[in-house]
Each structure stands twice: as structure tokens, then as C-alpha cells.
């Protein structure tokens, strides 16, 4: 709980980011699967894998509120029989933890036969449940904690001391342009397509904030007006990649977005609010279709 933190940190969090508490704690499990047949999921697997996970878990209506996935094996378009495949599933709060607890048994007992065109179906089996961080084999009753208030605080302190911070997006980040530039654009034209689209007025940081605010509101948080985001000196090196998946009706659904890096050259320019957002976003994903595994990133540094 927040009252276990040092008073200075607790005051900062309670005065500015109380709504982030609605998204903590976050739990995670890594599933290790083995293919029994060849599979061809394409370059980005998020859509097809999420469809499989949701179906295995009983197509819960609130899946998007409590769950998301991290597709570790994307960018590999073909898997042969015998190949291993790992993915991580995240759950928010007690309900997300309960869903994760039922996931291993649900995978083992899953019997539905899908059309052979689906890359993930009855063509693989569960080999083990691993710790999301180090790959250690877990008992099926263990649900590791990925992020809670104290860990958020500790990570914020760690990143505050760095000379620079790199935000590396390794799955497509779907970012709406600002209202003035998107005007009457429709469909995919509403989204930022290059680095320049994100530089104006800290749009990159605003959109991370937007995404986590919306998720917190879906969890019942009461959120006030956003404080002015101060300028942050960054180098944005992002490029658009196309991606799509087919829904249950066979209609193609776009999932393209931006891949690459945002280099924060002077982390001291980040407020406590900003830093809390960046740390938490690693575990929750940001942007449109984050529940599918879009908008996943990790923080790193050159120190």
C-alpha cells in the first residue's frame, strides 16, 4: 500500500497519480508452448494469439479491462513442429490474478478445433508455466507479482539516476494524431505515421498519459484535469509498420503502428508523474489495441 512508502514519495504519488493505484498490482505468467504442427502466424502475432488466449479463457467480456499479452516471439513468421513458443499474459488486480490462476488448466483442457488457417489452434500444447522475468519454471499455483506500489517507487528511483533513458517500442504503437493535424482524416490516416508527428507539444508523452488514464477510468478511477506537461528533450526515431488480423467474421482489422525508440536525453526534465507513467506503461501497454499486445515497450539506458 502507498502508506508503506517514504513520506516524500507517498506525498508525490498521492497528490498527482492516485489514479495509477487503480491499475496496481499487476501480475504476470509466461506460457511456454510447443508446436505439434507447422504454423505460419506472419510477422506480428498479436491479433491471432490474443484471439486464441481469449477463447481459451472463456471469452470473458471484461478481458480488455483486466488482461493483456506480450508476444515474445513476434517477428518470426514460421514455426516448425517441435519449436517452442513463449508469450506472457498480464493481469490487473485481484480479478486479473484470478484469471491468470485459471489459465494453465484452461489451456490444458482446451478442446476446440479451429480452422487450419488459424496459426494458433489445436496445433500446440503447454510445456510449462514460467516466471515472466527470468523463465524459471513455476508451480501452477504461483502467480508472480509484476508491479505494485513499492516496485513502482523503486524503479522510479533507479531511472531517475540515469543519464539518459531509451523507450524501445517492440510492438506497434497506435498513436492518434492531435486534433488539428488529423482534422477529418479517417481510418489509419488518423494515426501518427512518423517521428515528426509525435514531437509537437510532447504528443508522445500525452498519448501514453491518455492511454493509462482511460484504462484507470475503466477501473473506476476518478481523474481530474491533466496538468501541463513540461517540455522534455527527446530524439524520436519511430517508423510505421503495417499489421492486421482477421476477426471472427473473416474481416481484416488493422493493427499497424510505430516501432522504434524515443531517447530521453535529460531524465531530470521528467516530473514524478511522467516517470511513474513510463514505468507503469511497460507492464500495461499503451495506445489502441494494447490488450492485443500492441504498444509494448521497455525502458533501457546506455549507462
So residue 271, is it in contact with a strand residue (DSSP E or B) (Cβ under 6 Å, 6 or more places away or on another chain) and surrounded by fewer than 21 Cβ atoms within 10 Å (Cβ to Cβ): no
Members of the range 160-177 found to be under 11 Å from residue 275 (Cβ atoms) and in contact with a strand residue (DSSP E or B) (Cβ under 6 Å, 6 or more places away or on another chain), listed by number: 165
Options 28, 10; residue that is crowded, with 16+ Cβ neighbours inside 10 Å and either over 19 Å from residue 280 (Cβ atoms) or modelled with pLDDT under 95 (or both): 10
Looking only at the range 176-192, and only at residues there that are closer than 25 Å to residue 252 by Cβ and without any contact (Cβ under 8 Å) to a residue 60 or more places away in the chain, the one that is farthest from the chain's Cα centre (by Cα): 184
Among the candidates 169, 132, residue that is at pLDDT 95 or above and either under 21 Å from the mean Cα position of the chain (by Cα) or part of a helix (DSSP H, G or I) (or both): 169
Count - residues of the range 157-193 that are under 25 Å from residue 288 (Cα atoms) and surrounded by 13 or more Cβ atoms within 10 Å (Cβ to Cβ): 21
Residue within the range 70-84 that is modelled with pLDDT of 95 or more and part of a helix (DSSP H, G or I) present: no
Among the candidates 198, 203, 212, residue that is modelled with pLDDT of 95 or more, within 19 Å of residue 270 (Cβ to Cβ) and in a helix (DSSP H, G or I): 212
All positions within the range 18-41 that are in contact with a helix residue (DSSP H, G or I) (Cβ under 6 Å, 6 or more places away or on another chain) and either over 30 Å from residue 227 (Cβ atoms) or part of a strand (DSSP E or B) (or both): 26, 27, 29, 41
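I'd like to know if the range 252-268 contains one or more residues that are more than 28 Å from residue 77 (Cβ to Cβ) and either in a loop (DSSP other than H, G, I, E, B) or in contact with a helix residue (DSSP H, G or I) (Cβ under 6 Å, 6 or more places away or on another chain) (or both).
yes
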Test: residue in the range 149-160 that is farther than 24 Å from residue 219 by Cβ, outside any helix (DSSP H, G or I) and touching a helix residue (DSSP H, G or I) at 6+ places or on another chain (Cβ under 7 Å): no
Counted residues, the range 199-211 - those being within 17 Å of residue 232 (Cβ to Cβ) and touching a residue at least 60 places away in the same chain (Cβ under 8 Å): 4
Lone unmet requirement of (1) more than 20 Å from residue 41 (Cβ to Cβ); (2) out of contact with any helix residue (DSSP H, G or I) (no Cβ under 7 Å at 6 or more places or on another chain); (3) in contact (Cβ under 8 Å) with a residue 60 or more places away in the chain for residue 96: (2)
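The values are calculated or read from the model by the stated rules, or taken from the named source; none is laboratory data. Just so it is clear, the model here is predicted, and its values are computed rather than measured. As a convention, Cβ positions derive from the backbone with ideal geometry for all residues, glycine included, and neighbour counts pool all protein chains shown.
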